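Okay, so here's the structure we're looking at.
The values are calculated or read from the model by the stated rules, or taken from the named source; none is laboratory data. Keep in mind the model is a prediction, meaning the values are calculated, not measured. When we count neighbours, we look across all protein chains shown, and the Cβ atoms used for this are built from the backbone with ideal geometry, even at glycine. Side chains included, ligands, DNA and RNA excluded: accessible areas come from the protein's heavy atoms. Shrake-Rupley method; radii C 1.70, N 1.55, O 1.52, S 1.80 Å.
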Amino acid sequence: MNDNSRLLEVKDLKKYFLASNTPPVRAVDGISFTIKKGETLGLVGESGCGKSTAARTLLRLETPTSGSVHFKGKNLASLSEAELRNQRKEMQMIFQDPFSSINPRRKIGEVLREPFIIHGFKENVSEAITKLLDQVGLSSDYVNRYSHEMSGGQLQRVGIARAIALNPALVVADEPVSALDVSIQAQIINLMMDFREKMGIAFLFISHDMSIVEYFCDRVAVMYLGKIVEIASSEEIYKRPEHPYTEALLNAVPGLDLAQKKQKLKVRGDIPDPSNPPKGCSFHTRCPLKEKQCEEIEPTLKEIAPMHHVACLLKEG
């Protein structure tokens, strides 16, 4: 990948939550990936695998335990509070639950005005807010509404408008449609795709819905117990999944054809306790293909095909 095309570069990022007299919870345990300008990377996995914590940590909403995050070549960990605040103009987030992410005591016009105020924009703000509402399919009348007067889909449109208000280069979308009715989900996804095309916004798209990820994302990173176990183009992931966990996730999608596989892998049990992860491969306690070495040796991400990386000992031979 050309260095000039790299927008975000995450290296060995870790986020451990510490508590007295107990082992640390390894919510994010050494993940690395890059996002190019205008690219959409999907981050997928079961609930509890660390996806949302990873998103909050790379945006510095949580303080990393270790590792680095470079945005446009700048190490976010080295920035002062003032520098980080200024950088946030270009790094925004769409939250999962629009009802809890929008202040119910403030009118929608005030919610959308806030980014402009924080970053010192004073001229033509009212006109910019009206334009934002129009861009997300809402009329100017919504400036005087409160969140309780709106549906979940309408509120998520406001959340998107707030995220794109200052023309960011990167938007982290954390399960942005999981709280919405199925009939509304496609509308919201298409709206984000429209902004990606028109504004060149790159997305880190976090989801557990593999069918939506296939539709929206250029590349996919599969996360399990705080680690990335596979990362490749969307086409490669869906046609040729190589990690047993990835295949199991895809097998759970109704109607998705994995006929090229000899058997349908079934994963049983729950994700292990992240404060006490298994020795060796973290997935071996649930993997139907495990061998003795999987219980003892921890695999690392290795390139098995161009731009296709997998952390699985069974793929190293």
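Got a sec? Which helices (runs of 4 or more DSSP H) wholly within the range 39-125 have at least 3 residues that are open to solvent by 10 Å² or more (accessible area, probe 1.4 Å), at pLDDT below 95 and more than 27 Å from residue 136 (Cβ to Cβ)?
Details: elements: 51-58, 81-87, 98-101, 108-118.
Those helices (runs of 4 or more DSSP H) span 81-87.
Considering 292, 315, which residue is within 24 Å of residue 33 (Cα to Cα), surrounded by fewer than 20 Cβ atoms within 10 Å (Cβ to Cβ) and either at pLDDT 95 or above or of a type in the set (Lys, Arg) (or both)? Write out each step before concluding.
Numbers: 292 fails: within 24 Å of residue 33 (Cα to Cα).
Testing whether each residue is within 24 Å of residue 33 (Cα to Cα), surrounded by fewer than 20 Cβ atoms within 10 Å (Cβ to Cβ) and either at pLDDT 95 or above or of a type in the set (Lys, Arg) (or both) leaves just 315.
Can you pull out the residues in the range 62-99 that are hydrophobic (A, V, I, L, M, F, W, C), under 19 Å from residue 33 (Cα atoms) and under 14 Å from the mean Cα position of the chain (by Cα)? It would help to see each step written out before you state the result.
Filtering the range 62-99 for residues hydrophobic (A, V, I, L, M, F, W, C) gives 69, 71, 76-77, 79, 82, 84, 91, 93-95, 99.
From what is left, the residues that are under 19 Å from residue 33 (Cα atoms) are 69, 71, 76-77, 91, 93.
Scanning the range 62-99 gives 91, 93.
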Could you please let me know if residue 32 is farther than 20 Å from residue 65 by Cα and among the polar types (S, T, N, Q)? no
Could you list, in sequence order, all residues of the range 224-248 that are surrounded by fewer than 24 Cβ atoms within 10 Å (Cβ to Cβ) and either at pLDDT below 90 or within 14 Å of residue 210 (Cα to Cα) (or both)? 233, 234, 235, 236, 238, 239, 247, 248
Close pairs (7 angstrom Cβ cut-off, 6 or more residues apart or separate chains): touching a residue at least 40 places away in the same chain (Cβ under 8 Å) in the range 42-67, assigned to a helix (DSSP H, G or I) and open to solvent by 50 Å² or more (accessible area, probe 1.4 Å) anywhere: 62/56; 64/77
A careful count of residues in the range 284-311 that are among the small types (Gly, Ala, Ser) and assigned to a loop (DSSP other than H, G, I, E, B) gives 1
Consider only pairs whose beta carbons are under 9 Å apart and that are at least six residues apart or on different chains; among these, list those whose first residue lies in the range 81-98 and is free of Cβ contacts under 8 Å to residues at least 60 places away in the same chain and whose second residue is assigned to a helix (DSSP H, G or I) and open to solvent by 60 Å² or more (accessible area, probe 1.4 Å). 85/118; 88/118
